[in-house]
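Throughout, read-outs are computed from the coordinates displayed, never taken from laboratory work. Because the structure is predicted, anything quoted here is derived from the model rather than measured. Glycine gets a Cβ as well: all are built from the backbone with ideal geometry, and neighbour counts include every protein chain shown.
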Amino acid sequence: MLLSLPITYLYIARNRKRLVCSLHEDVISFTVQKKNRFASSHQRYSDIDRVHLSLSDVSWHTIDIYFKDKTRLHLKSVIFFTEKQEGKLRRLKTNEEDNALVRESQKAYNEFVIALHERLNLYENHKEIKFTHGNPWKKVLIGSILMALTLLIPITWYLGHYRHLFVWVVSFILLFLFNRKINFKKNYSPEAIPQKYLPGFF
């Protein structure tokens with residue numbers, strides 16, 4: 001891949017907000033359009049603090065780019081709309097033409113993510129940037145279940161349902177140990193992007 005050529009990715013969210021992000025040799029630029037409002041900015045690669053990859057859903061992938069000034073770019077590999085003439089948007093349908101657009105978008109997302117990692121890997125102080133992957137919300141979900149069990153256990157004890165009590169206590173212990181042992185947020189090297197965070201369309 002030629003690093004001198006800019007790589008651009010267009011993401012249109014459910015709320016019709018458009019985010020155009022371009023990777024240049026020295027900077028990353030982005031333009032946000034929401035309704036008739038535009039906001040453009042650019043940052044140097046040295047301004048990036050962290051990159052996080054995740055799987056928001058079985059059908060799409062997500063990258064979050066965090067900058068040192070607290071700016072955050074949130075991009076997904078899925079598109080909900082396509083652009084028509086005069087800047088208007090058309091919601092995608094389930095047909096071969098729109099399915100092809102989805103595949104093209106996923107391929108563009110792949111190229112963007114790979115190109116970003118290539119550029120950051122060339123940055124001499126890239127070791128200062130944190131590269132993480134995972135879905136931290138799973139830890140929150142397990143924490144919520146543990147809290148629910150702490151309420152169920154004394155209630156079950158009070159009602160004298162000892163069989164249920166045994167199930168709740170065992171479930172609590174297993175989930176508690178699982179929660180402590182598993183790290184839902186892991187580090188990775190920019191030279192080795194975990195393949196499961198890249199859509200399989202090339």
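Students often forget the sequence filter, so: which lysines lie under 16 Å Cα-Cα from LYS93 once same-chain residues fewer than 8 apart are removed?
LYS84
Out of residues 5 or more away from HIS61 or on other chains, whose amide H comes under 5 Å of its own, with H placed 1.01 Å from N in the peptide plane?
Answer set, sorted by chain and number: SER77, VAL78.
Quick one: THR31, THR82, THR150, fewest Cβ neighbours within 10 Å first, how do they rank?
Taking fewest neighbouring Cβ atoms as first place, the list is THR150, THR31, THR82.
Roughly how many debye, to the nearest 20, is the charge dipole of the chain about its Cα centre, given +1 on each Lys and Arg Cβ, -1 on each Asp and Glu Cβ, and no other charges?
Computed about the Cα centre, the dipole is about 900 debye.
Using Cβ counts within 10 Å as a stand-in for footprinting exposure, how do PHE38, PHE112 rank, fewest first?
The fewest-first ordering by Cβ neighbours comes to PHE38, PHE112.
Using Cα positions and a limit of under 16 Å, work out the lysines in reach of LYS127, with same-chain residues fewer than 8 apart set aside.
Reachable lysines: LYS68, LYS186.
Within a 10 angstrom radius of the beta carbon, how do TRP168, TRP157 rank from fewest other beta carbons to most?
Final ranking by Cβ density, sparse to dense: TRP157, TRP168.
At q = 0.16, 0.29, 0.31 Å⁻¹, what is the base-10 log of I(q)/I(0) for the range 137-181 according to the Debye formula with one equal point scatterer per Cα and no solvent? Please give it to two decimals.
Log10 of I(q)/I(0), two decimals: -0.41, -0.98, -1.05.
I'd like the distance separating the alpha-carbon centroids of the range 14-48 and the range 147-181, in whole Å.
Computed from Cα coordinates, the inter-centre distance equals 48 Å.
Hey, which aspartates and glutamates would be in cross-link range of LYS76, C-alpha to C-alpha under 16 Å, not counting anything within fewer than 8 residues on its own chain?
Straight-line reach from LYS76, under 16 Å: ASP57, ASP64, GLU104, GLU111.
What is the antiparallel percent of DSSP beta bridges lying wholly in the chain, to the nearest 5?
90
How are the alpha carbon pair distances in the chain distributed across 5 Å bins from zero to the largest one, expressed in percent?
Pair shares across the bins are 1, 6, 13, 15, 15, 12, 10, 8, 6, 5, 4, 3, 1, 0, 0.
Using 0.36 nm times the number of residues separating ILE155 and PHE178, minus their current alpha carbon distance, what extension gain do you get?
Contour length minus Cα-Cα distance gives 5.9 nm.
If I fit a long axis through the Cα atoms of helix 162-181 and take the longest principal axis of the Cα atoms of the chain, what angle between them do I get, 0 to 90°, rounded to 10?
The answer is roughly 40 degrees.
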